[in-house]
Amino acid sequence: MSKSTGCCRDFLHYVFDYETPKTLVIPSIRVGFVFRFTQLLVVLYTVGYVCVVQKAYQETDSVVSTVTTKVKGFAFTNISDMEPRFWDVADYIIPPQGDHSFFVLTNLVMTPGQTQSRCAELPNPSTTCVDDCDCVEGYDDPRGNGIRTGLCENYSSTVKTCEVLSWCPLEIDANLPKRPLLAAAENFTVLIKNSITYPKFNFHKRNILPHINSSYLKTCEYSRKTDPDCPIFRLRHILAEAGEDFQDMAVKGGVLGILIDWSCDLDWWPGKCRPKYTFRRLDDKHPDNNVAPGYNFRFAKYYKTPEGEETRTLIKAYGIRFDVIVFGTAGKFGIVPTIVNLGAALSFLSLVPMVADWFMLTCMKKRDLYSRQKVTYLVEEPQTESASMSTTYGTQ
Amino acid sequence: MSKSTGCCRDFLHYVFDYETPKTLVIPSIRVGFVFRFTQLLVVLYTVGYVCVVQKAYQETDSVVSTVTTKVKGFAFTNISDMEPRFWDVADYIIPPQGDHSFFVLTNLVMTPGQTQSRCAELPNPSTTCVDDCDCVEGYDDPRGNGIRTGLCENYSSTVKTCEVLSWCPLEIDANLPKRPLLAAAENFTVLIKNSITYPKFNFHKRNILPHINSSYLKTCEYSRKTDPDCPIFRLRHILAEAGEDFQDMAVKGGVLGILIDWSCDLDWWPGKCRPKYTFRRLDDKHPDNNVAPGYNFRFAKYYKTPEGEETRTLIKAYGIRFDVIVFGTAGKFGIVPTIVNLGAALSFLSLVPMVADWFMLTCMKKRDLYSRQKVTYLVEEPQTESASMSTTYGTQ
Amino acid sequence: MSKSTGCCRDFLHYVFDYETPKTLVIPSIRVGFVFRFTQLLVVLYTVGYVCVVQKAYQETDSVVSTVTTKVKGFAFTNISDMEPRFWDVADYIIPPQGDHSFFVLTNLVMTPGQTQSRCAELPNPSTTCVDDCDCVEGYDDPRGNGIRTGLCENYSSTVKTCEVLSWCPLEIDANLPKRPLLAAAENFTVLIKNSITYPKFNFHKRNILPHINSSYLKTCEYSRKTDPDCPIFRLRHILAEAGEDFQDMAVKGGVLGILIDWSCDLDWWPGKCRPKYTFRRLDDKHPDNNVAPGYNFRFAKYYKTPEGEETRTLIKAYGIRFDVIVFGTAGKFGIVPTIVNLGAALSFLSLVPMVADWFMLTCMKKRDLYSRQKVTYLVEEPQTESASMSTTYGTQ
């Protein structure tokens, strides 16, 4: 025969000769049972736990969201050191545009009629003085309220303090009302509109569910039990759900999280994908290991006097900041995670025979018989025959 | 020989004797073909689908981003019930600092000269009255506009309503202009600067691409076709891309999402990682199953009269809130996901022989021959217990 | 025996006969060593790299966070073209409520006393005119500052420009102070409160760590070396860490990121889960391929004259916007990822015998001997015997 055909045939043999392991059949119920049982365990784990419980066959995407909020309600305050006043949304919601985070004013220290001028510092160990020598001109004490002019003035009939250049009169935030000014705020309601997207799955949804009609929305109020789908929340209820008392929290303010969980299994009917609301206080109310507890900030309204001088009303606003935090992960069947998990399970199946073999060769009465027939030991023979091997192959 | 050496040799045997399966070679093209073909399928799937299509060999990170926006443009309004007025950025952008979310005022109901005082309620079934008895003092109707004083006053020559203590005059937002006040806003442009980070890969990038020069930026305007890299957007164009008509949406306002997708394959040249802009209306414009459609909020400008009385101009602002939503996932070659996916593929390869065996032992003409030579049955040897085995089996 | 029992027995055989591969033991140290060594490598990789380094046995969750910031400090400015002025938080922090993003005013162009009126345009090629014919009435030049009235007025004694209807006088932002107005801002401090949640693991934590007490918080200041846990940052220090010079950046403003990394391994003691602060400038300071470098925005304070005319003070605010960006991924032992990774490793172990076989049959001196005893070639035989097959089976 020609050489080329020989090569060709060898190649064909190399590629298409199928090499399959020789096997030995053990007709033993016990070994067979151990084998099948172990197999069963692995399969059960894969199907039961990985697929059903953990949904490991799904690929996931995290939520992209936008939020609009709108607060409703008004309050009337009539306390000693302030003229009677009516408050509406424009007064107590800061910033006004309803973003994912809105602040409800509940308490404040107001310092009207401040102007750029000079006045005596608030008395404290570092500001009290006897004469001008105690007050270094131009020195700005970080704990103070302005730049010192170098003079020592009467703060009151009894005490003298250094004069400062600042917005005067200075703010005195020591006597913060113990009872929140806008106690009525607990009855305000907020409408939360939240629309989400899972970009990877091109899935869009709103927290106002399709089956809800406008007439219901005009009257409903959220309640975990009775109205879990209503997007209108009463502030008192939100705090109650978070385990806080509104009147307590309102005095010094705080941050409260409205968490919306959009975790969904998109393999099911999308209608089953609904927002879950939870409420949690986000700042720390415990005074120890804390600084500036509560939540407050200062802002000012600026005016001009008829003479054109600028004056301002400084407001130290205490209140509750509501942060609407949207999170969630959507899962949907994905070929890759499925393959990966099946593969992992398979490789465990490939362990099963080892287990069975081990059992057969150690725990069975007939283990010697089995191993004799299963395992062969290499038999040395004269090297000469090695040639014949190749020939047989050639003439095959 | 000594015992220890015996142990040692046994141990060496135990560890280093290599146990390899005995195999039978079937020189059959058909079986071989089935075997190779199945192998090919698995390999193709792995390489083709998992690696090329799904990029399952990559580990991923999600984007961290910051956004700056700056709106340009001005408008002039000259309508009957308002004096002619010129509007610039400081007037119509709220809040002023260009954050990832900015609001463009397009329509408004202005109520100037409000003061803390008393006035007759707006007439509606629950507020109209005949005499003072109909108005409970101190009662605050949630749907009303203030706290009742207990008097019944003339709202107009024809109708009497309960008097309330509130910011008077009350806002009348019934007659909202049908044509948006700032119709010219559609020609405003917004510059969006977005810089992103993939922390895990320490990858930073901006939506102003390196190859763009300042002169181009001064003149360009975004267009999916001609200028996909220009970060300056005309509002009308944004809404058009979102499938909305500016003049319609401007009347009652709404929320519009500017979605920037930064999904990148960082195994490639980073220059290929570019932002993809899409635009989508995020609020629901359909009046059914909706409440308070559109987007509006109230805010006030506070003034002081020469007598020091506080007055305010209440503005119910309708407009379009633009939310710049940045999302995306970056993928980069990772050793772990690669290993995991290869492993999964391998375990499928280990299935291939089963398939081939099954084919060989069921579909081939010579199946009996094959199975006789491949499979051996346990042969009982002259041993006492050997008989018992078979009998137990026989009498089962 | 009856047929049914026959079937039954066949079925039992089919299910419980255990088929195990026949094996050949090669008592060769070298082959055995290659086998064990390859095994070792795979195991080492799995344990060492996948588990220890990559923690691939963990499932992950990404952080959900809320931030509160509070700036402290004041400044006094005394420059030529502005009356001496004292600045406190309410003046220079915009917006006032300390959100995850706050802006510190460092430089500004103030245009007081603007009213809705008519004035001559700022002179530039497109606005200069000789007589009224050059000014088209009602034309609004995008690069201009208002709607043209059609008149040509004296801007100065030397140059005439078109008159526009706008907020007059017009803002002249050409002469921006070279030295930042609020240079003192570098000494301001900011308190950052950040509380995070990993919803999947129901893990909550704050950046004010449990072991810190309030007295420390009142005095401490962040420093990577000495006080890495103090949540109070000096602005100058933040910029220094970001590699920026405050005075430079303050002139035209910019955006600076305070990145808080909460990546945690929750399998460890949760106390080890601490925030890592890094600082990075987020906008591009290089003038080339950039537009509107720095960071600024316009806002206005509105006043009313005694005659009730509305005037405003337009402020073009330059400053530094600090974005607190919280990110991170928590990992915790998860059964599924563990199984998946073990599975992958196992399927590699199943490759080891192939390696060893290949080595044995190619690199060893005795390869022919080995292959003769390992591999058998199908031997053709007369088909008649196929019957005997079943009989043997029957008589077993």
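The values are calculated or read from the model by the stated rules, or taken from the named source; none is laboratory data. The structure presented is a predicted model; accordingly, all values stated were derived computationally and were not measured. Don't worry about glycine lacking a Cβ; one is built from the backbone with ideal geometry, like all the others, and counts go over all protein chains shown. We work out accessible area using only protein heavy atoms, side chains counted, and drop any ligands, DNA or RNA first. Shrake-Rupley method; radii C 1.70, N 1.55, O 1.52, S 1.80 Å.
Cα centroid separation, segment B:109-186 to segment C:1-56: 86 Å. For chain A, the mean residue ellipticity at 222 nm estimated from helices alone is -7500 deg cm²/dmol, where every DSSP H run of n ≥ 4 contributes -39500 (n - 2.57) and the total is divided by all residues, rounded to the nearest 500.
Taking a ≥ b ≥ c as the square roots of the eigenvalues of the Cα gyration tensor, an a/c ratio of 1.5 or more together with a/b larger than b/c marks chain C as prolate.
With a cut-off of 10 Å between beta carbons, the residues surrounding A:Pro199 carry a summed charge of -1, where Lys and Arg count +1 and Asp and Glu -1. Taking the Cα centre of the protein assembly as shown as origin and assigning +1 to Lys and Arg Cβ atoms and -1 to Asp and Glu Cβ atoms, the resulting dipole is close to 5000 debye. Just add up the charged neighbours of B:Arg179: K/R +1, D/E -1, any other residue whose Cβ is under 14 Å from the Cβ of B:Arg179. That sum, taken over residues with Cβ under 14 Å, equals -2.
In the assembly of identical copies, A:Val53 has its label point, taken 7 Å from Cα in the direction of the beta carbon, separated from the corresponding points by 3.2, 3.2 nm (ascending, one decimal). Remark: segment C:72-88, residue by residue, has Karplus-estimated 3J(HN,Hα) of 10, x, 9, 9, 10, 10, 9, 10, 4, 8, 8, 5, x, 8, 9, 10, 10 Hz, where x stands for each Gly or Pro and the curve is 6.51 cos²θ - 1.76 cosθ + 1.60 at θ = phi - 60°.
Computed 3J(HN,Hα) for segment C:93-109, one whole-Hz value per residue from the Karplus formula 6.51 cos²θ - 1.76 cosθ + 1.60 where θ = phi - 60°, is 9, 9, x, x, 5, x, 9, 5, 9, 10, 10, 10, 5, 10, 7, 7, 10, glycine and proline marked x. Under the membrane-span-like helix rule (DSSP H runs whose alpha carbons stretch at least 18 Å along the helix axis, mean Kyte-Doolittle hydropathy 1.0 or higher), chain B yields B:29-44, B:335-349.
Proximity of backbone amide H atoms, modeled 1.01 Å from N, is registered between B:Ile26 and A:Tyr18, A:Glu19, A:Thr20 at under 5 Å, excluding neighbours fewer than 5 places apart on the same chain. Set the Cα radius of gyration of the protein assembly as shown against 2.2 N^0.38 Å, with N its number of residues, and you get 1.26. Once you list every other residue whose beta carbon is under 11 Å from the beta carbon of B:Arg280, what net charge do they have if Lys and Arg are +1 and Asp and Glu are -1? Local charge sum for B:Arg280: -3. A cut-off of 5 Å between modelled amide H atoms, ignoring neighbours fewer than 5 places along the same chain, links B:Thr311 with B:Tyr303, B:Lys304, B:Thr305. For segment B:320-325, putting each phi into the Karplus relation 6.51 cos²θ - 1.76 cosθ + 1.60 with θ = phi - 60° gives couplings of 9, 8, 9, 9, 8, 10 Hz, in residue order, rounded to whole numbers and with x for Gly and Pro.
Taking every lysine pair in segment C:129-240 that is 8 or more places apart or spans two chains, those with Cα atoms closer than 23 Å amount to 5. Between A:Ile232, A:Ile260, A:Ile212, where does the largest GNM mean-square fluctuation fall for chain A, given springs only between Cα atoms within less than 10 Å? Of A:Ile232, A:Ile260, A:Ile212, the most mobile in the Gaussian network model is A:Ile212. Projecting the Cα atoms of B:Tyr57, A:Tyr318, C:Gly271 onto the charge dipole of the protein assembly as shown, computed from C-beta unit charges around the Cα centre, puts B:Tyr57 farthest toward the positive end. Association of chains A and B removes close to 6700 square angstrom of accessible area from solvent, both sides included, for a probe radius of 1.4 Å. Loop-located trypsin sites (Lys or Arg not before Pro) in segment C:158-262 (DSSP state other than H, G, I, E, B) with a sparse environment of at most 13 neighbouring Cβ atoms within 10 Å: C:Lys178, C:Arg224, C:Lys225.
Each 10 Å bin, from zero up to the one with the longest distance, holds this percent of the alpha carbon pairs of segment B:62-170: 13, 28, 19, 21, 15, 4, 1.
Residues whose amide H lies under 5 Å from that of A:Phe76, counting only those 5 or more places away or on a different chain, are A:Trp87; hydrogens are built 1.01 Å from N in the peptide plane.
The GluC sites (Glu not before Pro) of segment C:261-366 that meet both conditions, a loop assignment by DSSP and at most 16 other Cβ atoms within 10 Å of the site Cβ, are C:Glu307, C:Glu309. Sorted shortest first, the separations between the B:Val379 label point and its copies elsewhere in the assembly read 1.2, 1.2 nm; each point sits 7 Å from Cα along the Cα-to-Cβ line. What is the Cα centroid distance between segment A:201-267 and segment B:231-291, reported in whole angstrom? Here the answer is 27 Å between Cα centres. Shortest first, B:Val25 label-point distances to identical copies amount to 2.7, 2.7 nm, with the label point at 7 Å from Cα along Cα→Cβ.
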